[in-house]
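The structure appears right after this line, and notes come after that.
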Amino acid sequence: MVGSTALAQQLPLPIWGELLGQWSLDILQLLRGWGGWILPLQGDAALACWPAWQAEAAVGAAQQAHGMTAGLPLAQTLGQSLTLRAGLAAGELTLLPYQEPRPCGLPLHLAHRLSSVADPGETLLCAEVARTLEAQPGSGRSILQRRTVPPLQGFETLQSSGAAFYRVLLPAEQLAGAEMKAG
């Protein structure tokens with residue numbers, strides 16, 4: 001959630017807690033509705049995983065999360081405009097043995113870095129996610145647009161090798177009609 005630290009300092013703690021609680025419940029419901037495996041919330045951040053063949057669901061969830069956050073009823077009542085940044089990455093994960101197994105791997109780190117450099121309201125994808133969605137991302141009638149990304153800490157080698165990143169152009173409600181290979 002963009003600007004949540006400033007908002008937490010601005011609002012009385014009980015109001016901030018209610019707002020964050022409402023957002024948390026709504027985002028968890030949204031991610032589950034798209035079939036995501038949800039990791040524990042980290043304050044104002046949500047993280048979920050999908051199998052690679054469900055990349056379209058991950059993109060749909062991210063895009064719908066933008067609208068859900070902007071339309072959060074308590075935020076509107078308070079006159080607050082909330083926005084998100086989202087990042088999606090693909091790759092191999094391993095499970096850490098806890099009471100509930102937790103995924104671990106570079107895609108989670110890359111998704112975090114992408115969301116940190118995304119513009120408010122934007123969803124950024126790594127090239128692997130983009131190729132899962134479209135045979136030729138960013139060309140023709142693509143729902144993706146290539147985007148230059150500033151240096152991502154820890155991913156300098158990937159970026160120096162010419163890695164491509166893309167922004168999603170369509171809102172969630174239009175994704176179903178877009179031409180994608182994943183379904």
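The values are calculated or read from the model by the stated rules, or taken from the named source; none is laboratory data. Bear in mind that the values here come from a model prediction, so they are computed numbers and not experimental data. Cβ placement follows ideal geometry from the backbone for every residue including glycine, while neighbour counts extend to all protein chains displayed. What goes into the accessible areas is simple: the full protein's heavy atoms, side chains included, and nothing from ligands, DNA or RNA. Shrake-Rupley method; radii C 1.70, N 1.55, O 1.52, S 1.80 Å.
Taking every alpha-carbon pair under 8 Å whose residues sit at least 6 apart, the stretch 38-161 reaches a relative contact order of 20 percent. Enclosing the Cα atoms of the chain in their convex hull gives a volume equal to 128 cubic angstrom per residue. If both residues of a DSSP beta bridge must be in the stretch 1-141, then about 65% of such bridges are antiparallel. Could you let me know the centre-to-centre spacing of the stretch 72-114 and the stretch 1-44, using Cα atoms, in angstrom? Measuring centre to centre over Cα atoms gives 11 Å. Under the criterion of Cα pairs below 8 Å and six or more residues apart, the relative contact order for the stretch 1-85 equals 32 percent.
Ranked by the mean number of other Cβ atoms within 10 Å per residue, highest first, peptides 154-165, 137-148 order as 137-148, 154-165.
Loop-resident GluC sites (Glu not before Pro) (DSSP state other than H, G, I, E or B) in the stretch 66-152 with no more than 16 further Cβ atoms inside 10 Å of their Cβ: Glu92. Heavy-atom surface analysis with a 1.4 Å probe gives the chain a carbon and sulfur content of 54 percent of its accessible area. A Förster distance of 45 Å, applied to the separation of the beta-carbon atoms of Tyr98 and Ser139, puts the FRET efficiency at 0.60. The slack between Glu156 and Leu74, meaning 0.36 nm per residue of separation minus the straight C-alpha distance, is 25.5 nm. Relative contact order of the stretch 67-130, taken over Cα pairs closer than 8 Å and 6 or more residues apart, is 37 percent.
The C-alpha atoms of the stretch 50-96 occupy a region whose extents along the principal axes are 42, 24, 13 Å, arranged from largest to smallest.
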